[in-house]
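Have a look at the structure below before the remarks.
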Amino acid sequence: MATLLHGLLRPLCAFRGSVPLRAVSHGAGLLYPEHIPTSPLQKVLLAAGSAGMALYDPYRHDMVAVLGETTGHRTLKVLRDQMKRDPEGAQILQERPRISLSTLDMGKLRGLPEGSFGCAYLRFLDVNRYREIHDMLHTLLGMPTNILGEIVVKWFEAVQTGLPMCVLSALFGPIQLSAQSLRLLISELIPWAVENGRRAPCVLNVYYERRWEQPLQALRQELGITEPPLRVEGLV
């Protein structure tokens, strides 16, 4: 399966590193400097191939990114408009802050008091990978980065954003779970994630870098996020 999907995606992904001459010469609209315009058929093939590969290997973040780029354009416009209507969200859009090792003050984070959002986030980074706001949601929801934890976060993101890549991951991710974990997911974790996703305001409107000193529980209360119904570490 992996070989087949690689073969499908290789011709269409070959030009991701540079803008095609045809797009420039014919004045095709580019969303950003590295944007590569694709036809509807190419979008369908890329979406199908990247979705299959992401399900085959959930840690192929490049395939997750391709899926998001080919399926979420209209939904992203809705999310942008939602952020524009929120003062904090509008500021985020204007300043476009990035969360990376080059922008974080790790010394400041390590000096924050126990129980603060920044302290909890730093502890998460010490044992997991680093992926901007997605990791913030792991911290807020108290979810690890095993398959079950990732699926729970995707259900929350799917309710919050409506992005097709989140919906597909939420629906098809559970096929890799054991029978016990699947029962817990359906009976307890999905209802909890959906309820929290509906109750919480748009999490894109939170300027997280300015909330490091805020107690984690206070931030969760502000966003209407409750404690998970059970611990999912060790479950697969």
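The values are calculated or read from the model by the stated rules, or taken from the named source; none is laboratory data. Please read all numbers here as calculations on a predicted model, not as lab measurements. In this analysis, Cβ positions are derived from the backbone assuming ideal geometry, glycine residues included, and neighbour counts consider all displayed protein chains.
Where the second residue is modelled with pLDDT under 80 and among the acidic types (Asp, Glu) and the first is over 20 Å from Gln221 (Cα atoms) and lies in segment 98-126, which pairs have Cβ atoms under 7 Å and are six or more apart or on separate chains?
The qualifying pairs are Ile99/Glu132.
What tally of residues in segment 138-154 results from selecting those that are part of a loop (DSSP other than H, G, I, E, B) and among the hydrophobic types (A, V, I, L, M, F, W, C)?
Total meeting the criteria: 1.
Mind telling me which of the residues Leu93, Leu122, Leu109, Leu79 ends up being more than 26 Å from Glu150 (Cβ to Cβ), at pLDDT 75 or above and aliphatic (A, V, I, L, M)?
Leu93
I need every pair where a residue in segment 167-180 that is assigned by TED's automatic domain parsing to the domain that holds Leu235 has its Cβ under 8 Å from the Cβ of a residue that is among the small types (Gly, Ala, Ser) and modelled with pLDDT of 85 or more, sequence separation at least 6 or different chains.
Cβ pairs passing all conditions: Val167/Ala158; Ser169/Ala158; Ala170/Ala158.
Pick from segment 201-236 the residues that are among the charged types (D, E, K, R) and assigned to a helix (DSSP H, G or I): which of them is surrounded by the most Cβ atoms within 10 Å (Cβ to Cβ)?
Across segment 201-236, the extreme among qualifying residues is Arg220.
Look at segment 155-200 and say how many of its residues are within 28 Å of Asp81 (Cβ to Cβ), in a helix (DSSP H, G or I) and of a type in the set (Gly, Ala, Ser).
5
Are any residues in segment 207-236 touching a strand residue (DSSP E or B) at 6+ places or on another chain (Cβ under 8 Å) and of a type in the set (A, V, I, L, M), and if so, which ones?
Across segment 207-236, the qualifying residue is only Leu216.
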